[in-house]
Every structure is written in structure tokens, then in C-alpha cells.
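Report on one structure; see the data block that follows.
Each value in this text was obtained by applying a stated rule to the coordinates, not by laboratory testing. For clarity, every value in this text was computed on a predicted model and none was experimentally measured. Cβ sites come from the backbone with ideal geometry, for glycine too, and all protein chains shown count toward neighbours.
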Amino acid sequence: LFNVYRSFDARTPEDVFDRLSQSIAGDLLEEVYLETRKSIRLENQGGLQVKIAEVNILNLKPMEGSRFRCRWQARGSVGHWGHLHQRDTERLAEFTLAPVEGLWKLVAMDLINES
């Protein structure tokens with residue numbers, strides 16, 4: 001999860017894709033990549049700037065097969081209109097891991113709640 005958030009630090013589409021592909025595969029890779037590109041476009045147009053400093057797993061529950069229910073908190077800063085705010089975001093999702101080229105990667109994720 002931390003690698004997924006860190007992909008937002010990249011500035012070129014190629015770097016974003018490369019960073020995401022280290023942790024995500026399949027259809028989920030394309031979905032997250034397109035969302036990341038949208039965010040970068042907003043930033044380049046003077047919109048929000050987001051920097052995640054840490055990701056804390058609050059709860060991880062194994063489900064059927066390689067599926068997990070995970071609650072995590074992302075801590076970071078959000079910048080806009082010339083100033084920064086510290087922000088914590090908590091998310092709950094179910095995700096599936098699968099071996100891809102010898103590495104375990106996220107291949108599906110269903111966001112359940114975000115606060």
C-alpha cells in the first residue's frame with residue numbers, strides 16, 4: 001500500500017506506471033494508473049498537492065483464498081492555495097493478492113469505506 005501512495009511522487013506518466021507496477025498487476029494496475037494521472041493533472045494545473053508520509057495498517061483480516069480485508073490510515077499533507085494541512089485518511093477495503101512474475105501483487109481491490 002505504501003508503494004501505491006508513493007507513486008504519486010512521480011512526475012512523469014512512465015515513472016508513475018513503473019512505480020505502480022511494482023505493487024499492482026492486472027486490471028487494477030490500469031485503473032489506479034489512470035486515477036493517478038488524473039491527480040497529477042490536477043496538481044499541474046495548480047490544484048491539490050498530496051504527499052503521503054506514512055501508511056499504517058490498522059487491521060488485516062484474511063478471508064477466502066488470497067483475499068484480505070484491510071483497514072489502514074494514510075498520514076500526510078495536502079497543499080492548496082499556498083498553505084499545507086496535515087491530514088489522516090482512513091480506508092477500509094477488501095483486496096486480492098496474487099503471485100505475478102515471482103512477486104505478490106495487488107490484483108483486485110474493492111473500497112468499502114473512506115473517512
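Before moving on, here are some points about what is shown:
- Tilt relative to the chain, helix 26-44 - C-alpha long axis, 0 to 90 degrees, to 10: 10 degrees
- Placing a label point 7 Å from the Cα of residue 27 along the Cα-to-Cβ direction, the residues of region 87-115 whose backbone N falls under 14 Å from that point are 96, 107-111.
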